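The values are calculated or read from the model by the stated rules, or taken from the named source; none is laboratory data. For clarity, every value in this text was computed on a predicted model and none was experimentally measured. Ideal geometry is used to build each Cβ from the backbone, glycine not excepted, and the neighbour counts take in all protein chains shown.
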Amino acid sequence: MKYDVIVIGGGHAGIEAALASARMGVKTLLITILVEQIGASSCNPAIGGLAKGHLVREVDALGGEMGVCTDVTGIQFRTLNASKGPAVRGTRAQIDMDKYREYMRNVVLNTLNLDVKQEIADGLVVEDGKVKGVTTQLGNRYEATKVIITAGTFLNGLIHIGDKQQTAGRQGEFASIELAAYLRELGFNIGRLKTGTCARIDAKSVDTSVMEVQPGDTPPPPFSFRTDKADFNPTQLPCYVTYTNETTHEIIESNFYRAPLFSGQIDGVGPRYCPSIEDKINRFRDRPRHQIFVEPQTLDETEYYINGMSTSLPIDVQLEMIRSVKGMEKAKIVRYGYAIEYDYIDPMELKHTLETKKIEGLYTAGQVNGTTGYEEAAAQGLVAGVNAALAIKGEEPFILRRDEAYIGVLIDDLVTKGTKEPYRMFTSRAEYRLLLREDNADRRLLSHAKRLGLLEKSYIQKVEAKEAAIEEAMAFLKENYATPTKAFLEKLEAIGAQKINDKTLWIDVIARGEFNREKLTTLLPEFEKYDDEAMEQILIEAKYYRYIQKQSQQIAQMKDMLKIKIPEGFDFATVQGLSNEIVEKLQKANPPTLFAASEISGVTPASLEILHVYIKMKQKGKM
Ligand code: FAD
């Protein structure tokens with residue numbers, strides 16, 4: 001059977017890859033081990049969070065499905081860091097994980113140009129360094145010139161619970177053994193990582209009345225720019241907060257010798273920022289307690305996910321430690337926690353399109369590239385799916401820059417620096433945080449969204465209209481002055497805004513205060529015409545205008561810098577401050593410009609800056 005694009009894996013990466021490719025009019029096949037598990041949440045029943053929320057919004061703004069699905073199936077919505085600046089706010093939602101799967105499965109199965117097969121891919125067809133198709137354990141051979149592997153934690157997956165080990169891709173699901181072996185045969189640089197999950201508790205065995213209640217926000221913030229905020233009224237369930245204590249810590253510590261993490265049973269490197277409970281007790285011995293979030297897995301609230309207690313300790317220890325926690329004294333475990341080790345492909349094997357450098361037409365996306373998290377996976381899936389489809393159509397690739405999107409930062413970090421531990425997104429990884437806000441993802445990615453054509457025309461027109469309104473308002477604020485007349489000063493005082501002494505640009509009046517719609521329209525009644533969405537953007541852009549301007553200038557400088565030519569025969573070894581590894585790579589590639597240098601895996605923005613300064617000084621004869 002012949003396809004244009006084949007996606008292996010129906011996780012968060014595979015869904016976005018397959019949907020993007022099929023929706024771009026390209027004949028696509030999704031092969032996955034269990035159709036029932038399309039869109040399964042292997043770990044926590046939640047989408048988004050700090051920086052991860054940015055990724056969901058960007059996927060949404062480009063036409064991905066994750067945000068819409070979360071809005072439809074979410075059971076609690078919150079804005080994290082709500083009291084902080086807009087750049088570091090993050091939306092997070094608890095989801096009904098059963099409904100999430102059902103929704104995604106239905107969308108995938110209802111998509112035109114997209115076939116689905118429940119099979120296990122066991123190899124690829126590769127000829128002359130080009131991918132030609134996929135083979136499966138059932139003996140099928142599917143042809144395609146683009147293949148996207150999104151195998152998550154399934155490649156050589158090995159589960160650990162105490163001293164028990166089991167070959168699996170996820171608890172109860174087959175691991176992907178042959179495909180893993182095939183990728184090694186192809187000569188890819190393969191590493192081993194580890195992740196883990198907590199036990200799930202029978203909800204009726206938990207006393208939440210003694211725990212702190214953590215409700216959702218009112219009104220709930222939706223993820224998708226396509227969700228109508230006015231109509232968004234999901235049923236919201238609370239989460240609960242409880243804590244470990246000295247007894248919990250003693251139970252865990254006295255069983256360290258049985259922990260696969262410490263006994264040498266696990267080799268893979270785990271996620272630094274999402275450690276298991278035994279790792280936390282070991283690393284932070286002086287902490288008297290650790291926070292545990294008790295989160296419903298579904299709207300029916302039959303099982304709780306105990307966020308913060310990921311573990312691979314033996315099952316008797318899991319029960320004892322859980323029962324030592326307030327509110328969980330009578331807890332019954334439905335599913336035990338476990339750790340899983342799996343193969344990942346060194347992402348430095350990839351181009352920015354997520355196509356492998358070794359095999360033409362072969363792409364990889366998601367956890368298989370060394371990342372962790374549903375959102376990181378979805379973002380890569382979308383990029384790989386779009387690029388595979390564009391390549392089929394003979395169009396220019398789709399690459400997001402670091403100053404355009406968190407997705408750009410994510411992929412640039414992966415393909416230029418690689419990763420030796422599960423990589424997750426943080427706001428601190430982005431250089432231009434004020435520009436890359438969650439709230440403006442629709443606006444900043446509009447031109448890309450238009451080009452890709454994954455979104456309805458009516459939506460694009462809505463964003464264009466909003467953009468025009470914001471531009472009009474900002475032009476007014478940047479070009480017109482407020483005059484400190486008596487009447488004006490009285491108004492300023494009445495709304496608690498800072499006094500002005502001289503004629504002042506409106507933009508600076510706004511930047512100095514905490515403005516909202518009411519306050520702004522007291523001073524500028526003509527701004528009443530802007531709807532809430534445009535107004536939100538006007539207020540943010542005006543408040544941070546000077547900082548945003550500075551970041552935009554830095555980006556322009558960076559673009560100019562990348563145009564700088566590197567003199568022929570340049571000896572990179574003479575540049576102080578570059579690591580040996582980077583010097584070696586530069587000497588080998590001999591890039592003609594700083595831009596060409598920036599494309600080389602491992603050459604970081606910091607090393608480009610060093611190179612830039614050095615070349616400039618040399619040109620001025622100062623070296
Ligand atoms: P997955 O969601 O794993 O999907 C992989 C898909 O590929 C599956 O549908 C599978 O059936 C399919 N597949 C694999 N091989 C084949 C094959 N040969 N043929 C056909 N189909 C195949 N993330 C966090 O952010 N925090 C955590 O604490 C965390 N803990 C985790 C704990 C565990 C135990 C596990 C398993 C995962 C955890 N994750 C965690 C990771 C999270 O699940 C992933 O980041 C996310 O699911 C990755 O999405 P993906 O699409 O890359 O892969």
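For the reader, a short list of remarks on this structure follows.
- Phe223 satisfies every condition listed in (1) of a type outside the set (D, E, K, R); (2) out of contact with any helix residue (DSSP H, G or I) (no Cβ under 6 Å at 6 or more places or on another chain); (3) within 24 Å of Val294 (Cβ to Cβ) except (2).
- Within region 390-418, the residues that satisfy the criterion of being farther than 24 Å from Arg443 by Cα and either touching a Gly at 6+ places or on another chain (Cβ under 9 Å) or not small (Gly, Ala, Ser) (or both) are Ala391, Ile392, Lys393, Leu414, Val415, Thr416, Lys417, Gly418.
- Residues in region 586-609 that are surrounded by 16 or more Cβ atoms within 10 Å (Cβ to Cβ), assigned to a helix (DSSP H, G or I) and more than 29 Å from the chain's Cα centre (by Cα): Leu586 only.
- Filter pass, Arg170 being modelled with pLDDT of 95 or more, within 16 Å of the ligand (Cβ to nearest atom) and either in contact with an Asp or Glu (Cβ under 6 Å, 6 or more places away or on another chain) or under 30 Å from Tyr459 (Cα atoms) (or both): no
- On inspection, Leu452 passes the criterion of being hydrophobic (A, V, I, L, M, F, W, C), touching a Gly at 6+ places or on another chain (Cβ under 9 Å), closer than 26 Å to Ala17 by Cα and in contact (Cβ under 8 Å) with a residue 12 or more places away in the chain.
- Listed here are the helices (runs of 4 or more DSSP H) enclosed by region 403-508 that have at least 2 residues being within 30 Å of Gly63 (Cα to Cα): 406-417, 441-444, 446-452, 457-479.
- Pairs linking a residue in region 496-510 that is more than 16 Å from Lys486 (Cβ to Cβ) and in contact (Cβ under 8 Å) with a residue 12 or more places away in the chain to a residue that is assigned to a loop (DSSP other than H, G, I, E, B) and of a type in the set (D, E, K, R), with Cβ atoms under 9 Å and 6 or more positions apart or on different chains, are Gly496/Glu514; Gln498/Arg512.
- Residues within region 365-402 that are small (Gly, Ala, Ser), within 16 Å of the ligand (Cβ to nearest atom), touching a Lys or Arg at 6+ places or on another chain (Cβ under 7 Å) and in a helix (DSSP H, G or I), tallied: 1
- Once region 323-348 is narrowed to residues that are assigned to a helix (DSSP H, G or I) and either at pLDDT below 95 or within 14 Å of the ligand (Cβ to nearest atom) (or both), the residue that is nearest to the chain's Cα centre (by Cα) is Pro347.
- Strands (runs of 3 or more DSSP E) fully within region 1-65 counting 1 or more residues that are more than 15 Å from Leu112 (Cα to Cα) and near the ligand (Cβ under 8 Å from one of its atoms): 5-8, 28-32
- Residue selected from region 387-415 under the condition free of Cβ contacts under 8 Å to residues at least 40 places away in the same chain and of a type outside the set (D, E, K, R), by the criterion farthest from Val147 (Cα to Cα): Val409
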